[in-house]
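What follows is a single structure, written as structure tokens, with notes after it.
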Amino acid sequence: MTAEHDILQVTPRVEALASLCARHDRIDAALYKEYDVKRGLRDLNGEGVLAGLTHISDIISKKEVDGQLVPCDGELYYRGIKINDLVQGFMRDGRKGYEEVTYLLLFGELPDAKRLSDFKNLLAQGRTLPTNFTRDVIMKAPTHDMMNSLSRSVLTLASYDNNADEITLPNVLRQCLMLISVFPMLAVYSYHAYNYYERGESMYIHYPSDSLSTASNFLRMLRPDMQYTPLEASVLDLALVLHMEHGGGNNSSFTTHVVTSSGTDTYSAISAALGSLKGPKHGGANYKVVQMFEDLKKNVTDTTDEEAVADYLGRLLRREAFDRKGLIYGLGHAVYSISDPRAEVFKSFVGQLAHEKGRDADFALYSLVARIAPEVIAHERHIYKGVSANVDFYSGFVYSMLGLPPELYTPVFAIARIVGWSAHRLEELVNTDKIIRPAYRCVQPATGYVSLKDR
């Protein structure tokens, strides 16, 4: 690589400069307590700092008993409706739920049959990209990181929008509906371009069908033969519904509120949310779960041996196994303690899919780990609240059974969460004219200027 391209790689000089950053940017942890700073916007008990109000969704993890707040089974509400009831409603009628729940989150009420049909048609009409967009944008500079590709595509779509910067409610809603419609295409086509140009595999560009649901179209566009089973489409649809929104205080939804409050355009706001979701502490955890289980199966001879599995989990916590980060991925959540309602809803359908795919033994292992891991964690760690399997614990397993490449795990999350981001962007625009601007206290002592010759 020539000298003029050194900026594209880490050189010894850059390493030395990075050490300066580390030395001068480190803040004494005691100062956070001294100035009562809530690190991560959370108090010492892990409770989030109240930063806003929302109608969109709610999380309940504690209830008052005899004047005391005590942990309870987790509950998740979309627009005041319990997620369990929503899922039972569309599943009982044999419907896909993504489009119906999208309508609920965006507009605040469940649609009747006519409005639901009209809304599905509206999304179907939006499943089209500008002329040559796939060739000129998605296929140019393909990358293994589909989230970066998604973000680039979203920002580039602004160039095709004559009213990109207009933030009136009708215009923003138009933009959000368009992005909700095309996200599956952007994700799948980006993967196919990467698979072709970087891996030398065959490339397939299948057009979506107006008559199919979002989940069905995703599988149709991804697979060479465009085939899938009804159960596969239903379980993917369920995964999208469960990942669609989560209380408003999650990192990417908060990012959407913050960026929207500055008055910026929809494309910039959604790109910022994508950057947040990409982080392994937010949207990237499900693939870590899959990798962890693969490592478990390599290192535990009999995965039905509860004692041997518990020993492996203990070694994970002691940083002696897998990636040596001291984590059991998919266990625990910032809010839930006794149970994550999304995981509870997901679990039975995951079992059905595992049976269809001949992976009952794997499902049994997942169930075993979900049952004994909280006991292992309690034995190894002093924790302020209980832990349980979260939705990521099962979603990676589902995606592997659906044959989704790991590069698409987090983009699938984005295909779901774009709905929540859109709802939060609209809510922020309706309710505030103030930019969100938190305070940071400077703890750098004042120093005098030293002239260049004396340094």
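For segment 285-401, the alpha-carbon radius of gyration amounts to 0.99 times the rule-of-thumb value 2.2 N^0.38 Å expected for a compact globular protein.
Under 5 Å between amide hydrogens, built in the peptide plane, is the criterion, and for R42 it picks out V49 among residues at least 5 positions away or on other chains. Karplus-derived 3J(HN,Hα) values for segment 354-366, using 6.51 cos²θ - 1.76 cosθ + 1.60 with θ = phi - 60°, are 4, 5, 4, 8, x, 10, 4, 5, 5, 5, 4, 5, 4 Hz; glycine and proline are entered as x.
Using Cα centres only, tell me the gap between segment 198-218 and segment 140-168 in whole Å. Answer, in whole Å: 19.
Each Cα pair under 8 Å and six or more residues apart adds its separation to the average, and for the chain the resulting relative contact order is 20 percent.
Taken as Cα centroids, segment 359-378 and segment 391-416 sit 19 Å apart, rounded to the nearest whole angstrom. Under 5 Å between amide hydrogens, built in the peptide plane, is the criterion, and for I81 it picks out nothing among residues at least 5 positions away or on other chains.
Put simply, the amide H of H246, placed in the peptide plane, has no neighbours under 5 Å, leaving out anything fewer than 5 places away on its chain. Taking segment 285-401 as the region of interest, the number of lysine pairs whose Cα atoms are within less than 19 Å, with members eight or more places apart or on different chains, is 8. Placing one equal scatterer on every Cα of the chain and applying the Debye formula, the log10 ratio I(q)/I(0) at q = 0.07, 0.14 Å⁻¹ is -0.40, -1.52. A DSSP coil position with no more than 12 other Cβ atoms inside 10 Å describes the following chymotrypsin sites (Phe, Trp or Tyr not before Pro) in segment 392-450: Y440, Y449. Phi angles of segment 438-455 translate, via the Karplus equation with coefficients 6.51, -1.76, 1.60 and θ = phi - 60°, into HN-Hα couplings of x, 9, 10, 8, 7, 10, 7, x, 5, 10, x, 6, 10, 5, 4, 6, 9, 7 Hz per residue; Gly and Pro are given as x. The aspartates and glutamates whose alpha-carbon is closer than 17 Å to the alpha-carbon of K278, local same-chain residues fewer than 8 away aside, are D145, E245, D392, E407. The 3J(HN,Hα) values that the Karplus relation (6.51, -1.76, 1.60; θ = phi - 60°) gives for segment 206-215 are, in residue order, 9, 7, x, 9, 5, 8, 9, 6, 4, 5 Hz. Gly and Pro appear as x.
Ranked by the mean number of other Cβ atoms within 10 Å per residue, highest first, peptides 303-313, 30-40 order as 303-313, 30-40. Peptide packing for 108-120, 205-217 was compared via the average number of neighbouring C-beta atoms within 10 Å per residue; ordered from the highest value, the list is 205-217, 108-120. Each residue, Q9 and T229, gets one label point 7 Å from its Cα in the Cβ direction; the gap between the two is 4.9 nm. Please list, or write none, the aspartates and glutamates whose alpha carbon is within less than 19 Å of the alpha carbon of K33, excluding same-chain residues fewer than 8 places away. Answer for K33, where 19 Å is the Cα cut-off: D25, D43, E47, listed by chain and number.
Read the figures in this text as sums done on the coordinates, not as results from a lab. Only a predicted model underlies this, so the values are computations on that prediction, with no experimental measurement involved. In this analysis, Cβ positions are derived from the backbone assuming ideal geometry, glycine residues included, and neighbour counts consider all displayed protein chains.
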